[in-house]
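Here's the structure, in structure tokens; my notes come after.
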Amino acid sequence: CGETGPGRLLEPAELVAALLEPFCQQPLANKRIVITAGPTREPLDPVRYLSNRSSGKMGYALAQAAHDLGAEVILISGPVALDAPNGVTRQSVNTATEMLTAVLAEIKSCDVFIGVAAVADYQVATIARDKIKKQSGEPLQLTLTETPDILHQVGHLSEHRPFTVGFAAETTNLMAHARDKLARKKADLIVANLVSQTHGFDADDNAVCLV
């Protein structure tokens, strides 16, 4: 196509990063970090799904930062419109179940797990085989069940448990919810952010509290 492939000039930011890398301090050298990012999509039928507003920007930024500090980074990502960070290994998934499977396959050999992904809390009990047709004037009822709790499973590992970091996006009672999540999930750290019109989902800026 002439746009991609061997011989194409890298973007200036990538060139600068590659040139600076040998001169940067790397306190995370020899560390392996698994990061989840983006949303998950839980199918309702062949064309629709349950999801959320996560863009993946925070998880991808953390993956790049961890790589820049010398870590080997495995990024397990839901569907996003972002390029894989330079030097980071990305695994793409769609559903919460797929994300859990990918995490558990990597978790025993990692030092740190950072669960940034906004994993959907619910999935439909039965995925419709065909497209659900609109019934004029009739309400649609869906039976939902909980998706796997990835952070909880990692935090409660009895063997090979990494340093575990979770995220909490809240609209009220930020610190109370964060402390409760820290205890329930048995995480080592919760990164809590109060979702607003300018901070939280699909934004270039964020403000967080570390619990």
> Where does the longest stretch of the chain lie that holds no GluC sites (Glu not before Pro) found in a DSSP loop with 13 or fewer other Cβ atoms within 10 Å?
Replying inline: 4-158
> In deg cm²/dmol, rounded to 500, what helix-only [θ] at 222 nm does the chain give when every DSSP H run of at least 4 residues adds -39500 (n - 2.57) and the total is split over its residues?
Replying inline: -7000 deg cm²/dmol
>> If I model the range 6-137 as equal point scatterers sitting on the Cα atoms and use the Debye formula, what is log10 I(q)/I(0) at q = 0.10, 0.19 Å⁻¹?
In response: -0.41, -1.05
>> If you roll a 1.4 angstrom probe over the protein chains with everything in place, what fraction of the accessible area of the chain belongs to carbon and sulfur, to the nearest %?
In response: 52
> For the range 138-175 and the range 33-110, what is the separation of their C-alpha centers, rounded to whole Å?
Replying inline: 15
>> Restricted to Cα positions, what overall size does the range 50-127 have along the principal axes? Three whole-Å values, descending.
In response: 44, 28, 15
> L20 to R129: extension gain in nm, 0.36 nm per residue of separation minus the Cα-Cα distance?
Replying inline: 34.0 nm
>> Starting from 0.36 nm per residue, how many nanometres of slack lie between S196 and N30 once their C-alpha separation is accounted for?
In response: 56.0 nm
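So, counting K/R as plus one and D/E as minus one, what does the shell of residues with Cβ under 13 Å around V165 add up to?
+2
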>> Among the listed pairs K31/K57; K108/K186; K133/K181; K134/K181; K131/K181, which have their C-alpha atoms separated by more than 27 angstrom in this model?
In response: K133/K181; K134/K181; K131/K181
> Measuring from label point to label point, each 7 Å out along Cα→Cβ, what is the L142 to T4 span in nm?
Replying inline: 3.1
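Over the range 1-58, what per residue volume does the convex hull of the Cα atoms give, in whole Å³?
Convex hull volume per residue, Cα atoms: 201 Å³.
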>> How much accessible area per residue does the chain have, counting only protein heavy atoms and a probe of 1.4 Å, in square angstrom?
In response: 61
> When only DSSP loop residues count, what trypsin sites (Lys or Arg not before Pro) in the range 101-168 have their Cβ near at most 10 other Cβ atoms within 10 Å?
Replying inline: R129, K133, K134
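The values are calculated or read from the model by the stated rules, or taken from the named source; none is laboratory data. Keep in mind that what you see is a predicted model, and the values were worked out from it rather than measured. Cβ: placed from backbone, ideal geometry, glycine included. Neighbour counts: every protein chain shown. These accessible areas exclude ligands, DNA and RNA; they are computed on the full protein's heavy atoms, side chains included. Shrake-Rupley method; radii C 1.70, N 1.55, O 1.52, S 1.80 Å.
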